[in-house]
Every structure is written in C-alpha cells, then in structure tokens.
C-alpha cells in the first residue's frame, strides 16, 4: 500500500525517552575550589556532566556552601560532592544521608566559611531543605594552595562518580550504612 | 570593679579568627585587646614582581565577601599610575558591580550576623526558625546581589571580569535587563529591611568618633572622591599616607591605624559614609534616613545596622537606574602603555575605605604594593569603644560580659581575614 508522503517524511514520533525526565528535580552540586584535592567536587560534577543529558540532573559547581540556598527551591533531591577530612585514607569516599551526626555544625566562625552543615540546617529551619539530601565526601590528602589533585584522589575520582551514578539510578542508593 | 580577666577565645559571627582579652582592675578597665591571630597573608609581598594585570585577581583573593572592593581599589590605583582615565560608561558599570557587592555583603551581615544580637538569639540559625520570612527575604536579597556580580563579574565569588582599563567583557543588555524585576522586588525588600532594623532597641552608647570616608560632590561615594572627615577636612587620596598611619601592636597580626599627627583612632564604614554623605543617598534611601528618626551623623556603633540598611536601599535603587538605562559601550576597556610610576586610590568597600598604592615598572611589573583594609583601620577604634563599653556591660557573669562585647564588635562587621595583610574573649579578674 502506498503511504502518504508526509508519513514517510514525518513518521510516527519515537517513544519518549523516559530517562530524560527522571532526574529533573535532582540537583547535584560540586563544592570546591581550584586548589589541590579541593577540586574533587568540581571535577566530579564535570564527570557527571558527561554521563547525563543537560539539566537532568541539574549540575552546579559552588565555591561556598551558602550558594546552595540560591538553588534548592523546588528540588526534590539534593546531592552534594565535596572533599572532606575524617575518613581513613586519601581517596576514600562515602555518602551520608542528611541529617547525620558526622555533619555536626560545630563552631560557625563567620560569613565567609558558613559550613555546609550550617547551610543545610538553615535551609531546614526555613522549611526549604529538599526532602532528600545526600552528601558525598572524598578524603583529601595533605596539600597546599595551588597544588594539583593528589594521585590518590585522582585515582579514586572515577569510582566516586560511578557510585554517584549508581545512587542516582537507585542501583546502590546512598544510605547511612553506605 | 574587681581585678577580673575576661577572655573570649574565638569571636563568633565575625569573618575570620579573632579573640578578645579584657583585664579588669579594682576600679576600672585596665586592658582591652582585640587579638587577631588569623595568620598574616602577605599579599603585599606576593604582588612584587608580578605583572600588573594579575593584581585585580590576586587581591580579590584577600576576601571572599568583598573581592570587588579589592579589585576596584587596585584597578583605580594602577590606572592612576599609568595615567589612564576610563570613560563614563565604564565608570558607571563599575558602580553597578559595587552595588552588587554592597547588597550581598551588607545583607548577609545584617540578617545572619548582626540582627540575631538585637533579637536575643545566639545565632542566625536560631533566629531563622522564629523569623523565617525575614531571613528568607534577606537570603533572596543576597541572591540578587550575587546574580548581579555573576552578570557583571563572571561569577559571584572572586569575580574574574575586572581589568585595568575597564572589563574583559561587557555585559549584554538583555542579561542586565533580565535582572530588573528582581531588583524592583529587592528595592522594596530593602525598604522593609531598613524599617525592620530601625525598630531594634539600640543601647545608648555614643562615641566621640572622627568619621572618615570618601566624599564626592555629585554622588554617594564608591570609587572616587576626596577623603572627608567629620572635622571638616577634605583630603586628597594621595595624601592618605601622610595623614593616616599603620602600626603594629603586639597582640594582633592585624595592623592598627591612627591619624598620623594626633595619634588618635578613627572610624570608617557605613556609619561614617552615611554620616558624611547622607544628602547624596538615593531618593528612597534619603527619605528613609529621615523616616527612621536617627539624627545623622550617628556616633552610636549599634546603629551601624541602620546605616547598612540605608546603603542597601541605595544600592538597589542606583543599580535599577543603571540596569534600565544601560547602553552597551563600544569598547570594554581602555588601552594603555606601561610606564614607571606610582599610583594610589581609595574606594569604599562595604566595611569602609580601602586604600591601595602601587609602584610599577616600565615593563609592567609591580615593584611595591601597599594595601590598607578598612577593618585594620577600625581596630584601634574598636578597642577604644570596647574600653568604654565594658563598664556599661559589666556584671558578675563573665559569659554575659563576653557576649555583650562580642555583640558590640559585630556591629563593625569586621572582616578579620582582610585585616591581616592576619572572638575569643578572655576576661581576667583579680
């Protein structure tokens, strides 16, 4: 049977790719700076940008945790990636679900270094914290300003990114047993 | 009064690391030391030998809350050394950039650092739970200030678009136009903020300040003008080092500043700026300055929060004017040739007058740099004020005295990181 030309030129639309809508309300923020292992959050975000379509999830980089307050409204799931201290060895990483005692606020010294925990607590008290908040931390090595990424963190970064991807797909979700 | 010693180990809700030591004698306050132990950051030495084009971005790293101030003082000082004059359009864009910084710095300080003291809260977090609408208002105002910094400066923290001679890239008209609705909201929010803070209860504590700030015959001072004082002086910026002196003190890594001839402290910052320039505020800010019922100039440090609020009104209103009228200039920056020389400039950082001086070489390198931040200029005055405040605040409870002293220190919005080119409160009682 002959078909009308418009059907040849404009076939039936493809089935919608449901994955493009999956992470619309998910915001991933890499916290960091251009120095040493403190770049880890930014680099992880850059790597995630290669694994997902634009804006799904929304990916951002921040210098300061307080910038989160500009971006979290309407977000259903907030994922933060940052270098940290307190784990066993450089390159080791883990995930914490907010709230967690490991993210105790401590002394909030000033406006420049409003710590992440204080920002999350502030958002919570204002009724603006997303319902699901996960913080991925990767242990930093001992470094100075202006250093490059350490070998340990550089080698671990792809595994961190894979773990975040798996968490986003709920293959291996972030729990406080992670 | 007994011979007590009161020490605050680490001041909270101030930027940077500092502490306070108070020694009380049998009859009076024997000693007050604002101890700054933030490590010296040695930026002046760091700049020597570097290309002058590196200076704005390097000095911006002195501070994450007031980077624009360092960039503005540095480019104006370098342009003075090179004999460069920027055209009016660039001048106006620099004021727009500064408006963004005043908004985000002042707003964060008012809402999260200073207002909790007046409302009886230990922290901005505790206050947020009782005053969520107000804190959300402040955070949104700060956000819009940051957005302006992003559009003008390339990013909100440590902007990257400021260049000697102008900017690396001019903003597009549509990017600035897009900010207008939020800045219209921001102006109204700033008015509500000014009315809110003006209603706080202020201790009756007036000081014999010499107020110091820039003054300009045609505008509220930001980047240009002479140095005015409440004694009626009008000083050329080039005479700064003849008139003001920095000196080291043993208990602080931050230098103290005094008037060179009288060896007396002085005050810079919003209280001084508003006090010396109230008639140059924007129309809405000027009306509010009358409405709030304070006789300007005020010499009560607790009323600094009202001065900050008026400046935020001014910043939103001036920014709106520039955003609405913006016509993209033909060129982003003025060309220049290197020459051996010296140049200086003063601009008004959120915390007060910020002075830079550079000696440059014929091949475009920095030979010498001098940076005098506002917080170090205020250190001596803060200590003097604390010496006057302690007898007022004194009670048997050392913690209460310490808190009261911290409240006063926070009124100056000290940026300790800036003031160390480096509030623990310790109270000793006999």
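Things worth noting here:
- Residue check for residue A:62: in contact with a strand residue (DSSP E or B) (Cβ under 6 Å, 6 or more places away or on another chain), within 14 Å of chain B (Cβ to nearest Cβ) and closer than 29 Å to residue B:182 by Cβ: yes
- Verdict on residue B:84 being at pLDDT 90 or above, in the same structural domain as residue B:184 (by TED's automatic domain parsing), over 26 Å from residue B:324 (Cα atoms) and outside any helix (DSSP H, G or I): yes
- Given (1) at pLDDT 90 or above; (2) surrounded by 17 or more Cβ atoms within 10 Å (Cβ to Cβ); (3) more than 14 Å from chain B (Cβ to nearest Cβ); (4) closer than 28 Å to residue B:156 by Cα, number of the condition residue A:154 does not satisfy: (2)
- Only one of A:70, A:38, A:46 that is modelled with pLDDT of 80 or more and in contact with a helix residue (DSSP H, G or I) (Cβ under 6 Å, 6 or more places away or on another chain): A:70
- Pick from the range B:11-37, criterion in a loop (DSSP other than H, G, I, E, B) and surrounded by fewer than 17 Cβ atoms within 10 Å (Cβ to Cβ), ranking: modelled with the highest pLDDT: B:25
- Check on residue B:240, part of a loop (DSSP other than H, G, I, E, B), at pLDDT 95 or above and in the same structural domain as residue B:87 (by TED's automatic domain parsing): no
- When the range B:147-171 is filtered for residues that are assigned to a loop (DSSP other than H, G, I, E, B) and within 9 Å of chain A (Cβ to nearest Cβ), the ones remaining, listed by number, are B:155, B:156, B:157, B:158.
- The set of residues from the range B:126-146 being facing chain A (nearest Cβ under 7 Å) and either surrounded by fewer than 21 Cβ atoms within 10 Å (Cβ to Cβ) or under 23 Å from the mean Cα position of the chain (by Cα) (or both) comprises B:129, B:132, B:135, B:136, B:139, B:143, B:146.
- All conditions but one from (1) within 10 Å of chain A (Cβ to nearest Cβ); (2) under 18 Å from the mean Cα position of the chain (by Cα) apply to residue B:114; the one that does not is (1).
- Criterion: modelled with pLDDT of 80 or more and surrounded by fewer than 19 Cβ atoms within 10 Å (Cβ to Cβ) - qualifying residue of B:410, B:403, B:424: B:403
- Answer residue from the range B:243-266, given it is assigned to a loop (DSSP other than H, G, I, E, B) and within 18 Å of the chain's Cα centre (by Cα) and is nearest to residue B:318 (Cα to Cα) among those: B:266
The values are calculated or read from the model by the stated rules, or taken from the named source; none is laboratory data. Computed from a prediction, not measured in an experiment: that's the story for all the values here. Reconstructed Cβ throughout: ideal geometry from the backbone, glycine too, with neighbour counts over all protein chains shown.
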